[in-house]
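To keep things clear, I will list the structure first and then write my remarks on it.
The values are calculated or read from the model by the stated rules, or taken from the named source; none is laboratory data. Only a predicted model underlies this, so the values are computations on that prediction, with no experimental measurement involved. Positions of Cβ are backbone-derived with ideal geometry, glycine not excepted, and every protein chain shown enters the neighbour counts. To get the accessible areas, we keep the full protein, side chains included, count just its heavy atoms, and leave off ligands, DNA and RNA. Shrake-Rupley method; radii C 1.70, N 1.55, O 1.52, S 1.80 Å.
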Number of protein chains: 2
Amino acid sequence: MAHPVSPLAPKSYPELPAIDGVRFATAEAGIKYKNRTDVLLMAFDAGTTAAGVVTKSKCSSAAVDWCKANLPGGLARGLVVNSGNANAFTGAKGAQSVALTAELAAKALGCSTAEIFLASTGVIGEPLDANKFEGVLDTMATRLGDGPWMDPAKAIMTTDTFPKLYGAILEIDGVEVKINGIAKGSGMIAPDMATMLSFVVTDMPIAAPVLQALLSRHVATSFNAVTVDSDTSTSDTLLAFATGKAAVEPIESLDDPRAETFGEALRDVLFDLAIQVVRDGEGATKQVSVHVEGAVDDASAFRIAKSIADSPLVKTAIAGEDANWGRVVMAVGKAGEPADRDKLSIRFGDLLVAKNGERAPIYDEAATSAYMKGEDLELTVSLALGEGRATVYTCDLTHGYITINGDYRS
Amino acid sequence: MAHPVSPLAPKSYPELPAIDGVRFATAEAGIKYKNRTDVLLMAFDAGTTAAGVVTKSKCSSAAVDWCKANLPGGLARGLVVNSGNANAFTGAKGAQSVALTAELAAKALGCSTAEIFLASTGVIGEPLDANKFEGVLDTMATRLGDGPWMDPAKAIMTTDTFPKLYGAILEIDGVEVKINGIAKGSGMIAPDMATMLSFVVTDMPIAAPVLQALLSRHVATSFNAVTVDSDTSTSDTLLAFATGKAAVEPIESLDDPRAETFGEALRDVLFDLAIQVVRDGEGATKQVSVHVEGAVDDASAFRIAKSIADSPLVKTAIAGEDANWGRVVMAVGKAGEPADRDKLSIRFGDLLVAKNGERAPIYDEAATSAYMKGEDLELTVSLALGEGRATVYTCDLTHGYITINGDYRS
């Protein structure tokens, strides 16, 4: 299971501050992995609001179904996450396992199961034995602490080669407000959502519907704008929790101008975590930002950017450090969106490689080849049809991806 | 450029018979490859009807645009195919190149440019110098022959590791009627159409609209039901030519019962060629037939089968000989089509691995692992929702694909 750490891993990790109203513990339940933590329990003080975005998969996991049922309540007291087993495609056993886990957590934390949120990640199709949590969750509840945040980031990893955490501190009404986030995911990553779990906690007092609206808005340009392999997980879950402990008046409406300010900071956290997921893409050696501009509208631009970012031929060319704009044209063409071949321009970084439907007169092979050797690449397609624009973030497709995924389950 | 021959290559090749009314020649024009043929000229006798299906790419190549313009005429006297350069995304130069090639061919064959069909395959984005055909096409026209069919099959190859040809002989009204076909393609292969060229010639007298209707019908379950990497070419072209030399009354209408008979034989040829393309999929070591049954309708079944066949995680699992049905569930879920997790059943070959949304009680790990070591795999998903069914044919995703595509253009 141990794969080399991504060359795109961060050189250092942020030390996230404690957030009033949330405490957590991690443990080794031995679900699949040995000698590492694989369970996270988070406990929230009474009054914590919750919001979430989950996978659109028609075969969502039992834990996703559980979250969907509890999200309308908008209140959270506990979160249990396990890695090593996704408890997906496990039939009635899966639903029973989820219900039992929630009961054990609710008992340990002294709350209702309606306030417990769950997420599982790992192998699909193997029943998760929730009895493994018996005793474990109880013990965890007795040793909850407010740091370090590296611990939960590590406990939720599967094929991730580095832990993912990020935070923002903003000032609202002269008071310092914090947002901390963790994420996992490196394969089965595509929008709606990535194969991905992410949990964000803030001390901002904010009503659940407002938190939900901001989360839904900003997921579009963060977690839903990344793709590693076009595959969408059955377990994708992004949850946000607001303990409300910061000493400011609560945001009760989207019309409150502070909602915009808070939303931007939330977006920063979501975006940084999403990019970390791409940079830990299975086998990734390069991160690529695919920009599409001049599309008929933003949605069309997004579909074209996604088509490029998902194309195996574009991704292998990038792995080979080949500025193969022909494959980019192919991916634009297959998107099925309005595009005029003879108006297309393509840039790698600032280097124009194609203009008005053919190789640019100023195309510089040496400069372009040198650019392609970089770790962070920008690819821009201009359609010259309208004002629509979008960006999708991806990584290259290498032998590493095949190695990791050709022998995962066994 | 030379890659190892696919382990799924045929052990022998058919010797296709001459077809009255068509003659051809191949030549080395030195467009990109050295020491191999890269141009094919086919000449059809007067009265030959034509039909075709081309890529749906919004960035189709100049040659595709040329064929689209000539197909409504329904008549053909010549076909020119070159490999090594797709003449795609070459702007006004591309259109000029195509017009010049058609003029040269029309002059060499003594016909109108409206009866000339063209196809180009190879690198995208590099202008094709049609002057290279000057003299070459003239000379070819002086040495046209009716065999062997291996020659044209070889002249149109790009990254193909083996030539693809297949034929059918059927009896209509007591007369022997022949259908010969060739194809190329091994990467950038996905429905609508594959990155793929295919040319089929028959001596059956058949009106162009009837030939077109049969071709369009049977492409759906042949070339449009295969996928190697989900990428769609700008140059995909399937053309059928009917010289009408067989001594039978022509088929003038789809209501003629012989249309059905002829269509079935045509389908056999298209299907065999399409499967050969999959078996030459870049890096392929296994062929996989993905069957979906019990969907709400056939179109839904097709989209689910395509989602499974295109999934990098399913394809890498197959490469790893891992019966990872969890990834199959994932791919069903991401298709966005109606599916009920708890009614799903999955079989590898005849082996039931999952039933009613969980691992089958009779699941036999040893037997399934043994099955996965085979070269030809059948994967069946039963949705238990309706009567819709479809099959999509694909191959596994291996290190070979990365190797081939990480260094193609340079």
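Suppose a student asked you for the relative contact order of region A:287-405, using Cα pairs under 8 Å spaced at least 6 residues apart; what percent would you report?
Values: 242 pairs, mean separation 55.3, N = 119.
For region A:287-405, the relative contact order is 46 percent.
Could you work out the relative contact order of region B:22-279, using alpha carbon pairs under 8 angstrom and six or more residues apart, expressed as a whole percent? Mind dumping the intermediate values first?
On the way: 656 pairs, mean separation 59.9, N = 258.
The value is 23 percent.
Calculate for the protein assembly as shown the 222 nm mean residue ellipticity that helices alone would give, adding -39,500 (n - 2.57) per DSSP H run of length 4 or more and normalising by residue count, nearest 500 deg cm²/dmol.
Numbers: 22 runs with 242 residues, N = 820.
Result for the protein assembly as shown: -9000 deg cm²/dmol, rounded to the nearest 500.
With Cβ to Cβ distances under 9 Å as the rule, what net charge do the other residues near A:Ala335 carry (K, R +1; D, E -1)? Present the calculation step by step, with values, prior to reporting the outcome.
Numbers: positive: A:Arg303, A:Lys306, A:Lys334, B:Lys58; negative: A:Glu337.
Net of charged neighbours comes to +3.
Of A:Asn70, A:Phe89, A:Leu104, which is farthest on the positive side of the dipole of region A:1-107, counting Cα position, with +1 on Lys and Arg Cβ, -1 on Asp and Glu Cβ, and the Cα centre as origin?
Most positive-ward Cα: A:Phe89.
Over the whole of A:394-403, what's the average partner chain Cβ count within 10 Å per residue? Rounded to a whole number, please. Please list the in-between numbers first.
Working: counts 0, 0, 2, 7, 3, 6, 1, 6, 14, 4.
Per residue, the average neighbour count from other chains is 4.
Where nothing but the Cβ of Lys and Arg (+1) and of Asp and Glu (-1) is charged, how large is the charge dipole of chain B around its Cα centre, in debye to the nearest 20? Write out the running numbers ahead of the final one.
Numbers: 36 positive and 52 negative charges, 213 e Å.
The calculated dipole for chain B is roughly 1020 debye.
Take chain B, connect every pair of alpha-carbon atoms lying under 10 Å apart with a spring to form a Gaussian network, then pick out the residue of B:Asp322, B:Asp364, B:Asp160 with the largest mean-square fluctuation.
With Cα springs under 10 Å in chain B, the top fluctuation among B:Asp322, B:Asp364, B:Asp160 is at B:Asp364.
Run the numbers on region A:27-119 and let me know its relative contact order in percent, using alpha-carbon pairs under 8 Å that are six or more apart. If you can, show how the numbers build up before the last one.
Numbers: 141 pairs, mean separation 30.9, N = 93.
Computed over region A:27-119, the figure is 33 percent.
When all C-alpha to C-alpha distances in the protein assembly as shown are sorted into bins of 20 Å, what percent of pairs does each bin hold, rounded to whole numbers?
With 20 Å bins starting at 0, P(r) equals 16, 44, 29, 10, 1.
Rounded to the nearest 5, what % of the DSSP beta bridges within the protein assembly as shown are antiparallel ones? Please report the intermediate quantities before stating the final value.
On the way: 100 of 146 bridges.
Around 70 percent of the beta bridges assigned by DSSP in the protein assembly as shown are antiparallel ones.
Please compute the average number of Cβ atoms from other chains found within 10 Å of each residue's Cβ in peptide B:309-316. Don't jump to the answer; show the numbers that get you there.
Numbers: counts 0, 4, 5, 14, 11, 2, 4, 11.
Per residue, the number of nearby Cβ atoms from other chains is 6 on average.
What's log10 of I(q)/I(0) for region B:287-405 at q = 0.18, 0.19 Å⁻¹, Debye sum over Cα points only, no solvent?
The calculated log intensity ratios at q = 0.18, 0.19 Å⁻¹ are -0.85, -0.95.
Amide H of B:Val226: which non-local residues (sequence gap of 5 or more, or other chain) have their own amide H closer than 5 Å, using H built in the peptide plane?
Sorted by chain and number, the residues that satisfy this are B:Tyr393.
For region A:112-156, take the alpha-carbon Rg, divide it by the Kirkwood Rh, and send me Rg/Rh.
Values: Rg = 12.9 Å, Rh = 13.0 Å.
We get a ratio of 0.99 for region A:112-156.
Where the centroid of each part is defined by its Cα atoms, how far is region A:241-285 from region B:45-70 in Å?
Each part's Cα centre sits 51 Å from the other's.
For helix A:298-310, report the angle its Cα long axis makes with the longest principal axis of the Cα atoms of chain A; keep it between 0 and 90° and round to the nearest 10°.
90 degrees
Roughly how big is region B:48-186's charge dipole about its Cα centre, with Cβ charges of +1 (Lys, Arg) and -1 (Asp, Glu), in debye to the nearest 20? Present the calculation step by step, with values, prior to reporting the outcome.
Numbers: 12 positive and 13 negative charges, 79 e Å.
I would put it at about 380 debye.
Taking a ≥ b ≥ c as the square roots of the eigenvalues of the Cα gyration tensor of region A:69-176, is the shape rounded (a/c under 1.5), prolate (a/b larger than b/c) or oblate? Walk me through the intermediate numbers first.
Details: a/c = 1.78, a/b = 1.39, b/c = 1.28.
Note, shape of region A:69-176 comes out prolate.
Go through B:Gly30, B:Val278, B:Phe223 and say which Cα lies farthest out towards the positive end of the charge dipole of chain B; charges sit on Cβ, +1 for Lys and Arg, -1 for Asp and Glu.
B:Gly30
Rounded to a whole number, what % of the accessible area of region A:22-279 do carbon and sulfur atoms account for, probe 1.4 Å? Intermediate values should be presented prior to the final figure.
Details: 3990 of 7960 Å².
Reported share for carbon and sulfur atoms: 50 percent.
Looking at chain B only, what percent of DSSP beta bridges run antiparallel? Nearest 5 please. Numbers along the way, then the final one.
Details: 50 of 73 bridges.
Counting DSSP beta bridges with both partners in chain B, the antiparallel share is about 70 percent.
To the nearest 10 degrees, how steeply does helix A:208-219 sit against the main Cα axis of chain A, on a 0 to 90 scale?
Tilt of helix A:208-219: around 30 degrees.
Please list, short to long, the whole-number percent of alpha-carbon pairs of region B:1-47 in consecutive 10 angstrom bins beginning at zero.
So the P(r) values, bin by bin, are 19, 29, 40, 12, 1.
May I have the convex hull volume per residue, in Å³, for the Cα set of region A:201-317?
On the way: hull volume 15.2 nm³, N = 117.
Per residue, the Cα convex hull of region A:201-317 comes to 130 Å³.
Sort the following peptides by mean Cβ neighbour count (other Cβ atoms within 10 Å, averaged over residues), highest first: A:140-146, A:61-67, A:351-357, B:246-252. Show your work: numbers first, answer last.
On the way: A:140-146: 14.4, A:61-67: 25.3, A:351-357: 19.9, B:246-252: 16.9.
Top of the packing list down: A:61-67, A:351-357, B:246-252, A:140-146.
Quick one: if you stick a label point 7 Å off each Cα along the C-beta vector at A:Ser112 and B:Asp45, how many nm between them?
The two pseudo-label positions are separated by 8.6 nm.
Kirkwood Rh, region B:22-279, all Cα pairs: how many Å?
The Cα-based Kirkwood calculation yields 17.8 Å.
I'd like the mean, over residues of B:86-92, of how many other protein chain beta carbons sit within 10 Å of each residue's own Cβ.
Working: counts 2, 0, 5, 15, 6, 9, 4.
The per-residue average across the peptide is 6.
Tell me the Rg and the Dmax, in Å, that the Cα atoms of region B:1-100 produce.
16.2, 44
So how tilted is helix B:325-334 from the main axis of chain B? Cα-based, degrees 0 to 90, rounded to 10.
On a 0 to 90 degree scale, this one is about 60.
Mind checking the dipole of region A:215-342: about its Cα centre, +1 per Lys or Arg Cβ, -1 per Asp or Glu Cβ, Debye to the nearest 20?
Details: 12 positive and 22 negative charges, 72 e Å.
It works out to roughly 340 debye.
Between the label point of B:Glu176 and that of the same position in each other copy, find the distances and list them shortest first in nm, with every label point placed 7 Å from Cα along the Cα-to-C-beta direction.
9.1
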